[in-house]
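Structure record follows, encoded as structure tokens.
The values are calculated or read from the model by the stated rules, or taken from the named source; none is laboratory data. Worth saying up front: this structure is predicted, and the values here are computed from it rather than measured. Cβ sites come from the backbone with ideal geometry, for glycine too, and all protein chains shown count toward neighbours.
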Amino acid sequence: MHQQNYKELSIIPDLKLNIKKIKEISGGSSDVMINEFITGSIHCALICCEGMLSTSTITELILEPIVGIDAKKDSHELFHYIQNFLLLSTDRPVATEYDSLFRLINSGFAVLVADGINKALAFGVQGYAVRSISEPSGEGNIMGSHEGFVEVIRTNMSLIRRRLKTPELVMELFVKGEKSRTDLCLCYMKDRVPSDLLERIHKSLDKIKLETILSTGYIRPFVESENFELFSSTGTTERPDVLCSKLIEGRVALLIDGVPFAIVIPKLFCESFQTLDDYSFKPYYSTFIRWIKYFGFLISVLLPAVYAAIVIYHPELLNSTMLMLLVEAEQNAPLSILTESLFVLLMYEIIREAGIRLPKPVGGAVSVVSGLIIGDAAVDSGLISTPLLTMTALAVISGFVVPELNSTMTVLRFSFLIAGGIFGLFGVSILACAVLVNICSTEDYGFPYTAPLSPFKPAGLDDTAIRATFPKMQSRNFTVEEYHE
């Protein structure tokens, strides 16, 4: 029988044939354990996947109570007794087809089948090795929680529930992926989320026909616009406290089993510059830090391009002292400013990628050694001028204040540099207009990416241009539906 045919096949009531079919479907896989026994005078079998469950839990909560059952008339009476008089586990789904049976086995459930009945009882006794809850690696903070999402979806659901104990919080579990059978969870506040948004997200998720789902990148294209967008209209976070704040605002979150990140739908551009610490400090300091991030974003994207454009095409914009310094620094460089800038930025990206992919002990050493070679040897050899290296380093470091936009900023930095090096400030201006048009046209399910600036919503500036006090913000009862077009 072909593997795809078993998904619609009902469980065979004959135990021997049932076990034979299970072995046939699993291909005799060594980790599928089938334990036959007799209880209540009925021939049964307990099926599980080795390494996916807790041996102590299954022994104490499942095996010992089941083997002590008195004689029953048939398997239907046995299953009725187990379901109604034995609380073997809190999670007790019933499988009627081999597709659901194998999904439960491979999810860490112990499945009981018996002779003479065409269904199986499953008991949640998961006990596979998992990573403990730890501090998020990419969203550091000073005053907030230090808990981050892990790879187990049930644990992530509990982290959210601990912070939002209201019954208004809804979590919908469903399965996607033809081969991976990955658990996904849709989270939202039923009293806050716009009904139209929730309905359209459900329709988008119904279009997913993937074989496997291994990261957020598999799902995000289905819940984003099909138009070309420089910036993603959905966000990700590995912090449960940040996710809860988004749910309160009427967003929808999507958790993926095996992925320590949650997808937030929709996302606004201004949120990339907000952190949880902004709401722990005084409003004036939080506002100052937020504007530092805005400024850092512009420096990261535009500084190399503006420097190249001014030095090549518009030296009259510089005062005489600055001009003489640049002339002296650049006169011995064998390459053009545009070529030098592209070379330095490209080398930085190579070093950064090497530092990420290599083992941590080696990666740190590579970054230090490479930095010394490029920063010291390249300047001393005359291949690169000191001012250009300084400008490039400032641009790269400024991008660190908004790590969520790093990939987009990298592409824009190269694009603006090429435009500025070839066409001067005119090219930078034209490209800036094109980027601005693309950002303003970006939306997700009718929610503008640039809100509350475009379209302009004065009330939204309380947590965008500045960070207002909590007494002022609590009177607003803000939800993202205010930005819906």
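Restricting the search to strands (runs of 3 or more DSSP E) fully inside region 97-203 and requiring at least 2 residues that are more than 30 Å from GLU77 (Cβ to Cβ) gives 169-176, 182-189. Based on what the data block shows, is VAL170 surrounded by 14 or more Cβ atoms within 10 Å (Cβ to Cβ) and free of Cβ contacts under 8 Å to residues at least 24 places away in the same chain? The answer is yes for VAL170.
Among the residues making up region 322-355, those that are surrounded by 13 or more Cβ atoms within 10 Å (Cβ to Cβ), farther than 21 Å from GLY424 by Cα and not hydroxyl-bearing (Ser, Thr, Tyr) are MET347, GLU349, ILE351, ARG352, ALA354, GLY355. Within region 206-229, residues that are assigned by TED's automatic domain parsing to the domain that holds ASP183 reach partners that are in a loop (DSSP other than H, G, I, E, B) and among the basic types (Lys, Arg) with beta carbons closer than 7 Å, at six or more positions or on different chains, in the pairs GLU211/LYS179; THR212/LYS179; PHE222/LYS207. Any idea how many residues of region 57-67 are more than 26 Å from LYS21 (Cβ to Cβ) and either among the aromatic types (Phe, Trp, Tyr) or in contact (Cβ under 8 Å) with a residue 24 or more places away in the chain (or both)? Within region 57-67, residues that are more than 26 Å from LYS21 (Cβ to Cβ) and either among the aromatic types (Phe, Trp, Tyr) or in contact (Cβ under 8 Å) with a residue 24 or more places away in the chain (or both) number 2. In the list ILE299, ILE312, which residue meets the criterion of being of a type in the set (A, V, I, L, M, F, W, C), closer than 16 Å to SER385 by Cβ and assigned to a helix (DSSP H, G or I)? Going through ILE299, ILE312 in turn, the sole match is ILE312.
Please enumerate the residues belonging to region 254-278 that are over 30 Å from SER107 (Cβ atoms), in a loop (DSSP other than H, G, I, E, B) and in contact with a strand residue (DSSP E or B) (Cβ under 9 Å, 6 or more places away or on another chain). Before the answer, list the steps.
Taking region 254-278 first, the residues over 30 Å from SER107 (Cβ atoms) are 266-278.
Restricting the remaining residues to those that are in a loop (DSSP other than H, G, I, E, B) gives 266-268, 274-275.
Listed by number, the residues that qualify are PRO266, LYS267, LEU268.
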